[in-house]
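Below is one structure, written out as structure tokens; comments come after it.
The values are calculated or read from the model by the stated rules, or taken from the named source; none is laboratory data. If you're wondering where the values come from, they're calculated on a predicted model, not measured in any experiment. Here the Cβ positions follow ideal geometry from the backbone for every residue, glycine too, while neighbour counts run over all protein chains shown. The protein model used for the area step is the full one, side chains on, heavy atoms only, and it has no ligands, DNA or RNA in it. Shrake-Rupley method; radii C 1.70, N 1.55, O 1.52, S 1.80 Å.
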Amino acid sequence: VTYNSISLTKAVGRAANTLTSEIWYLANPSSGSNTVSVDLSATDLCTVVASSWNGIAQINPVNITANNTGTGANPSTSLTSTNSGCLIIDALTHELTSVGTIPSGTTTLNTTDEGVWTTYDIYLIQGVGGLQAFTYTINADEWTHVMAAFRPSDGFIGALAKTISQPTSANFNQIVSV
């Protein structure tokens, strides 16, 4: 995965059978209109969501990650961040083709029913570090679920700012440019 021909770093990923959820990032990306490139095989089916954030630490931006997989109803994953003000990005891929309910208190980056699976990409700016659980309300079927907490930059005061580009087909759930 590249942005403007620069490789991104995978923060977290989880695969189960035919499903994969991943979060990628690039610290201090160049500004302007640039291309995100993803290498795919001819049979890959996927969704990409790209977002850009200001106010994230440029060195060692990932505070903590978590991942989970299962087949039961109401997928849930949690992490415990050690910094206040973390940006928590969450990606869920579910084999069900009906849209469920996202966790309360979060903001949607993308929800897409792909016909054979559904993807959810959400975020939360955590006020105080600590335990954060995201539980979706959805029927049972196979799913993969990943979360990454990104630290705010040193001395950053105020809300994190973001820009979001529309989803397009590609090989992963979430790109985060910080």
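In this structure, is Asn4 in contact (Cβ under 8 Å) with a residue 24 or more places away in the chain, over 22 Å from Trp143 (Cβ atoms) and not small (Gly, Ala, Ser)? Judged against the criteria, Asn4 is a match. Looking only at region 1-27, count every residue that is modelled with pLDDT of 85 or more and surrounded by fewer than 17 Cβ atoms within 10 Å (Cβ to Cβ) and tell me the total. Counting residues in region 1-27 that are modelled with pLDDT of 85 or more and surrounded by fewer than 17 Cβ atoms within 10 Å (Cβ to Cβ) gives 8. Residues in region 28-46 that are open to solvent by 80 Å² or more (accessible area, probe 1.4 Å) and farther than 20 Å from Gly115 by Cα: Asn28, Ser31, Ser33, Thr35, Asp39. Taken together, Thr18, Thr35, Thr65 contain a single residue that is within 14 Å of Ala91 (Cβ to Cβ) and not aromatic (Phe, Trp, Tyr), which is Thr65.
Please enumerate the residues belonging to region 76-98 that are loosely packed, with under 14 Cβ neighbours inside 10 Å and either at pLDDT 90 or above or farther than 19 Å from Pro152 by Cα (or both). Matches in region 76-98: Ser78, Thr80, Thr82, Thr97, Ser98. When Thr119, Thr65, Thr93, Thr111 are screened for being part of a strand (DSSP E or B), free of Cβ contacts under 8 Å to residues at least 40 places away in the same chain and under 17 Å from the mean Cα position of the chain (by Cα), only Thr111 passes.
Residues are listed down the side, and each one gets a yes or a no for (1) assigned to a loop (DSSP other than H, G, I, E, B); (2) over 23 Å from Thr107 (Cα atoms); (3) of a type in the set (Lys, Arg):
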site: Arg14; (1), (2), (3): no, no, yes
site: Glu22; (1), (2), (3): no, no, no
site: Asn28; (1), (2), (3): yes, yes, no
site: Ser33; (1), (2), (3): yes, yes, no
site: Cys46; (1), (2), (3): yes, no, no
